[in-house]
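The values are calculated or read from the model by the stated rules, or taken from the named source; none is laboratory data. Since we're looking at a predicted model, the values are computed, not measured. Ideal geometry is used to build each Cβ from the backbone, glycine not excepted, and the neighbour counts take in all protein chains shown. Note: accessible area is taken over every heavy atom of the protein model, side chains too, but ligands, DNA and RNA are not part of it. Shrake-Rupley method; radii C 1.70, N 1.55, O 1.52, S 1.80 Å.
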Amino acid sequence: MTLAGHYTYFVTILLLMVGLFVVIARSNLIKKLVGLGLFQTAVYLLYIAPGKLIGGAAPIVAEGVQVYSNPLPHVLILTAIVVGVATLALGLALVVRIKEAYGSIEEEEILQRDVDDESSANDRA
Amino acid sequence: MTNLQPTIAPDTLLTQHLPILLVIVPLLSAPLIVLLRRSFLSWLVAMIASVAAFGIAALLLQQVLASDGVIAYAIGNWEAPLGIELRVDAVNAFVAFIVALVGVFVLPYCRIGIAAEVRQEEHYLFYAMLMLCLCGLLGILLTGDAFNVFVFLEISSLATYVLIAMGRDRRALVASYQYLLMGTVGATLYVIGIGILYLQTGTLNLADMAQRLSGVGDVRATLAALAFITVGVSLKIALFPLHLWLPNAYAYSPSAVSAFLAATATKVSIYVLMRYYFTVFGAVTVFDAHNTGMILLALSLAAMFIPAVVAIFQRDVKRLLAYSSVSQIGYITLGISLGTVGGLTAAIAHLFNHALTKGALFLVLGGIVLRCGGANLDRLAGIGRTMPVAAFAFVIGGLSLIGIPGTAGFISKWYLVTAAMAEGQWWLAGAVMMSSLLAVIYVWRFVEVAYFQAPPDDHPPVGEAPLSMRVPALLMVGACVYFGLDATWSGEVATRAATALLEGWQ
Amino acid sequence: MSAAMQLGGILATPLVGLVLVSLSGRSANLRDGISFTTAVVLFVQVLGLVSDVLGGARPALTLVEMLPGMSLSLAVEPLGALFALIASGLWIVSSLYSVGYMRGNKEQKQTRFFVCFAGAIFAAQGIALSGNMLTLFLFYEAMTLITYPLVTHHGTEHAKKSARVYLGVLMGTSILFLLTGVLATWVLAGTLDFRHGGILAGQVGAAGTAALVALYMFGIGKAALMPFHRWLPAAMVAPTPVSALLHAVAVVKAGVFSVLKVIVYIFGAQNLIDLGSADWVPIIAGFTILAASVVALRADNLKRRLAYSTVSQLSYVTLAATLLAPISLVGAAMHIAAHAVGKITLFFAAGSIYTAAHKTEVSQLDGIGRRMPWTMTAFAIGALSMIGLPPAAGFVSKWYVLSAAMSLEHWLAVGVLVTSTLLNAGYFLPIVWRAFFRAPPDDAHDEHHSDDPHHGPHGEAPRIMVFAQTTTAALTVGLFLYHEPVLRLARAVAGGF
């Protein structure tokens, strides 16, 4: 095992960190979702890469094939992708609603508007 | 082990399929509700489904307690570890019972409670989501498969995001969005954790995994998996300091949703944590080799105090209760961190008692919000006079939060403190007591506002909440008192569950 | 009659009264009648119980099994019977007095007042009859909560602040110390039942026992051991009948009763003597007695003076209990009774003065004895009892405590008792002297007159109040002359020594 032999892990970790950074650092709600997507994608890689055997065939029983790749990670990740898509769709739908309600998709502006609302409500009270 | 033979009589067959039915019933009710679309019909279906789920959960709990073992159910008759299996023991049967019980309390309440907060044409979606959420939570509890936990976690989470976003206020949207981000990060971290475990053991079946891990000894991969799972699940638990999504989510979601979530969602995640710590990794790995107990203890103590202090300064009672939830979660994790039967009993007992208490409080508060138009303390002034029953019920719930004897909260405190003392951790007893004093302060903020201030002139509440909201709320408050006076049943089940957890699935 | 019926009946009577009173809020006469009738019915039942207990019966009843191996249960022993008798007996007089006071002062929310009053008596009976420490703790907390609305009765900002102190101190000490102590006892002894000789005997070492003693002594905040006494003066913001019954009888007596019970049945007096773990308590109690007396000496507000007098008198009981001699335990039990009748008389008198003359300060009382001879005579008898002079009940109990201290050669206690007697005389006798021998001030009277024509030259308080305070004053003297049953109950406590 060499360092290069683990390169998929490094890519995974890099993607994870990039994704998480975007989620935390960006104020734009869409960009946050993009970051979240990256973050999830990194995990797909974590599962898929070790499942592939070099020289392994697709897991279909056939003449003369001895080595198969592990199909289970693929199946799992297929599920995870579905979950990821659903999350993304819901996230985007929420952003649309937020845009309608606040007229902005910048997190700071939105929070500021809530603060303003609260202080004006207190003034009235 | 169940053994599905075609020759078995139909009624036995049905009782053998209880585990899967518990997940299927709410799951199937959701599309049915979407097809029906009418508000009343969808409520009716949801109501029937949740009552059925409760009945099944109760039967299942009874079966488990009677058999004193594990009920394993192979889905589609594919034997584990190839197939996905449902595995029920005293722990998850009890938590499933709690979740289903809360469902039965919340649904009748929804009928009017939701009308004020959600648009009429969206009611069917609301009920569909509630049922999906229930299905997801029950699924997490029953499944014996690591990845399946993730799938059900996401089913319940996605449904939860939608439910929160249905709140009356636009801030609900932001709260939902924030929860979506943090919840997804948490779930993804959990998936990384099980990915590592899968790479290590080659199995996703929790029982199988536990067996293979027990021979591995202390390796770094296990530690990494433990860390990822702990952090990921802690996000869903809202363990301090990962609780930031919770106050807004509880505060701005519809009242019925606040009640349902507060009583169930975090509890189910706590179950997941316990399952991994005690069944999969084993208490030895978690507590002796990696000293997770100390970290959990420190976080629990922080949770017991810091959010409780924050709660004192809240002006919105829903947020106050939400921060109180974060603080109460600290009690549960404190019990887990002790790693003993006593500590786990305390944790599980508090799981139950706090679900009752917080559920009751949010239900009562929902009625108050309906009448007062908000949960801000200014609006609640004088409700001791205008809504005497609701105010009094809230005070009883608050007493249970504090842990006054005669309420469910006291039972938890009893178990927790005696468990700490039995371990020789006397100072922990003092910490728990100090933290309950903070609860006295935040509960008394409500009392003083409700009873010492005159009702505001511009917002005269018209009286008590409608009957369909009042009855479930009062029943739940009654349950708080009942299980505070006679905790023989809940205490014994909690003890059995704790023992089962420590024994594991081998 | 079976034990279950008997004990259940005693516990249920105030509850039934509570419900009936709350339902009859519309008609004041009906409500007050129910309140009085309930008190009488309760008293008769308790009287029956006391005669059974004197006859050697020890009825017990399990209410509900709360946790596996731990139940809420009632079990009567002589001390509890004594406390139940005092609380229920004085409830009758107080309910009469309250009617006069509440109507005389046109107080608001009278129904809530009587409901909570019944609730407090329910809690007091529960404490008196409780069969284990958990049950006692349950009713102890219930009493704190049910009296909270009484303390905040006026609903003013001042009442709210005082009630915060009240609740803060009582809840704080009970949760922080008492509950910790109870749970520690459960963990160490495996039971919380009250047993002669103490359940902790032989279970814990000297240092551990000392720590537990501290948890219990300070945890029972209702016994008002310094520095946790502040709630008692704070509670004086309540209407006077509340101060009278609760803060002279039910609540504070629940505190010292619990102290006595814990010493005798949880720790075991002999065990404490052997370990020497409670030797420090008389010092704290002695300090409380003297310090509270000094504060009382300087207080001009009559109720405040009475409150600090209560603080000091309560520590007599704690002191006597922790002297740990059989005769001092008898003295402690006797003092619970003696102080109850004496102090309620004093508070009744203070309330009568307020109702009739609207005076609250000691310095305003010049010559009031001429206008209100009955009230001030009752006051004088109560004062004698506090000081410990014959012919008042306080003399008897003090005699027992003092002779215990003498025979133990506990000179600190002797010194405290003698000094405090002087201090008591110092702050009570001037009031009596003022009332009877100084001329009423003319100028103050005129000023008052022009301000408020309704309260011109006042006479006695309403008759019903005068009747109540005369009764308790008579009891104070009666207990001096005939204290045989009380003594027998008290001796039975020490018998389990």
### Query
Can you find a residue in region A:93-102 that is more than 8 Å from every other protein chain (Cβ to nearest Cβ) and either in contact with a helix residue (DSSP H, G or I) (Cβ under 6 Å, 6 or more places away or on another chain) or in contact (Cβ under 8 Å) with a residue 60 or more places away in the chain (or both)?
no
### Query
In this structure, does B:THR160 turn out to be facing chain A (nearest Cβ under 9 Å) and crowded, with 24+ Cβ neighbours inside 10 Å?
no
### Query
Would you say C:ALA244 is modelled with pLDDT under 90, buried (at least 24 other Cβ atoms within 10 Å of the Cβ), touching a His at 6+ places or on another chain (Cβ under 6 Å) and under 20 Å from C:LYS109 (Cβ atoms)?
no
### Summary
How many residues of region C:121-150 are more than 11 Å from chain B (Cβ to nearest Cβ), under 15 Å from the mean Cα position of the chain (by Cα) and either closer than 21 Å to B:PHE452 by Cα or open to solvent by 10 Å² or more (accessible area, probe 1.4 Å) (or both)? The answer is 3
#### Entry: B:LEU244 vs. criteria more than 9 Å from chain A (Cβ to nearest Cβ), in contact (Cβ under 8 Å) with a residue 40 or more places away in the chain, within 28 Å of B:ALA80 (Cβ to Cβ) and open to solvent by 20 Å² or more (accessible area, probe 1.4 Å)
no
### Query
Within the bounds of region B:119-128, is there any residue that is within 11 Å of chain A (Cβ to nearest Cβ) and open to solvent by 10 Å² or more (accessible area, probe 1.4 Å)?
no
### Message
Restricting to region B:195-216, name every residue that is open to solvent by less than 40 Å² (accessible area, probe 1.4 Å) and either more than 9 Å from every other protein chain (Cβ to nearest Cβ) or under 18 Å from B:GLY504 (Cα atoms) (or both).
### Response
B:LEU197, B:THR201, B:THR203, B:LEU204, B:ASN205, B:LEU206, B:ALA207, B:ASP208, B:MET209, B:ALA210, B:LEU213
### Summary
Sole miss for B:MET421 among (1) more than 10 Å from chain C (Cβ to nearest Cβ); (2) more than 30 Å from B:THR386 (Cβ to Cβ) is condition (1)
### Query
Could we say that A:LYS31 is among the basic types (Lys, Arg), within 30 Å of B:VAL174 (Cα to Cα) and within 11 Å of another protein chain (Cβ to nearest Cβ) here?
no
### Message
With the requirement that a residue be among the hydroxyl-bearing types (Ser, Thr, Tyr) and closer than 25 Å to B:ALA500 by Cβ, what does region B:345-402 give you?
### Response
B:THR345, B:THR357
### Task
Collect the residues in region B:213-233 that are free of Cβ contacts under 8 Å to residues at least 12 places away in the same chain and assigned to a helix (DSSP H, G or I), keeping them in residue-number order.
B:GLY215, B:ARG220
### Task
Starting from region C:196-213, take each residue that is touching a residue at least 60 places away in the same chain (Cβ under 8 Å) and list its partners that are of a type in the set (D, E, K, R) and not in a helix (DSSP H, G or I), counting only C-beta distances under 8 angstrom and pairs at least six apart or across chains.
C:ILE199/C:ASP193
### Message
Testing A:VAL43 on (1) in contact with a Leu (Cβ under 6 Å, 6 or more places away or on another chain); (2) under 20 Å from B:TYR161 (Cβ atoms); (3) open to solvent by less than 20 Å² (accessible area, probe 1.4 Å); (4) free of Cβ contacts under 8 Å to residues at least 60 places away in the same chain, one condition comes back false. Which one is that?
### Response
(1)
### Residue list for region B:376-396, restricted to those being open to solvent by 10 Å² or more (accessible area, probe 1.4 Å), β-branched (Val, Ile, Thr) and more than 15 Å from B:TYR442 (Cβ to Cβ)
B:THR386, B:VAL389, B:ILE396
#### Entry: Where C:HIS339 falls short, out of the listed (1) at pLDDT below 85; (2) within 29 Å of C:ILE92 (Cα to Cα)
(1)
### Query
Taking the condition in a helix (DSSP H, G or I), open to solvent by 10 Å² or more (accessible area, probe 1.4 Å) and within 11 Å of chain C (Cβ to nearest Cβ), does B:MET434 pass?
yes
### Query
Does B:SER50 count as over 19 Å from the mean Cα position of the chain (by Cα) and within 20 Å of B:MET129 (Cβ to Cβ)?
no
### Summary
When (1) within 14 Å of chain A (Cβ to nearest Cβ); (2) crowded, with 21+ Cβ neighbours inside 10 Å; (3) out of contact with any helix residue (DSSP H, G or I) (no Cβ under 6 Å at 6 or more places or on another chain) are applied to B:LEU399, the one that fails is (1)
### Query
Scanning for something of a type in the set (D, E, K, R), more than 24 Å from the chain's Cα centre (by Cα) and either more than 10 Å from every other protein chain (Cβ to nearest Cβ) or under 30 Å from C:GLU107 (Cα atoms) (or both), does region C:225-233 turn up at least one residue?
no
### Message
If I filter region C:68-112 down to residues being in a helix (DSSP H, G or I) and within 14 Å of another protein chain (Cβ to nearest Cβ), which single residue comes out as farthest from the chain's Cα centre (by Cα)?
### Response
C:THR111
### Task
Spot the failing condition for C:ILE86; the list is (1) surrounded by fewer than 23 Cβ atoms within 10 Å (Cβ to Cβ); (2) within 21 Å of C:THR471 (Cβ to Cβ); (3) not hydroxyl-bearing (Ser, Thr, Tyr), and only one is missed.
(1)
### Residue, least open to solvent (accessible area, probe 1.4 Å), within region A:75-112, restricted to residues that are among the hydroxyl-bearing types (Ser, Thr, Tyr) and within 19 Å of B:GLY186 (Cβ to Cβ)
A:THR87
### Query
Applying the selection to region C:158-189, what residues are polar (S, T, N, Q), within 18 Å of C:LEU215 (Cα to Cα) and more than 7 Å from chain B (Cβ to nearest Cβ)?
C:THR173, C:SER174, C:THR185
### Message
Just to check your reading of the model, which residue among C:ILE263, C:ILE273 is part of a helix (DSSP H, G or I) and either at pLDDT 90 or above or open to solvent by 20 Å² or more (accessible area, probe 1.4 Å) (or both)?
### Response
C:ILE273
### Task
Inspect region A:54-67 for any residue being within 11 Å of chain B (Cβ to nearest Cβ) and without any contact (Cβ under 8 Å) to a residue 60 or more places away in the chain and give the result as yes or no.
no
### Summary
If we keep only residues of region C:12-59 that are open to solvent by less than 60 Å² (accessible area, probe 1.4 Å) and not in a helix (DSSP H, G or I), then the residue farthest from the other protein chains (Cβ to nearest Cβ) is C:GLY56
### Message
Among the residues of region A:20-27, are any in contact with a Pro (Cβ under 7 Å, 6 or more places away or on another chain) and not aliphatic (A, V, I, L, M)?
### Response
no
### Query
Name the residues in region B:166-212 that are in a helix (DSSP H, G or I), in contact with a Pro (Cβ under 9 Å, 6 or more places away or on another chain) and under 26 Å from B:ALA375 (Cα atoms), would you?
B:ALA172, B:ALA175
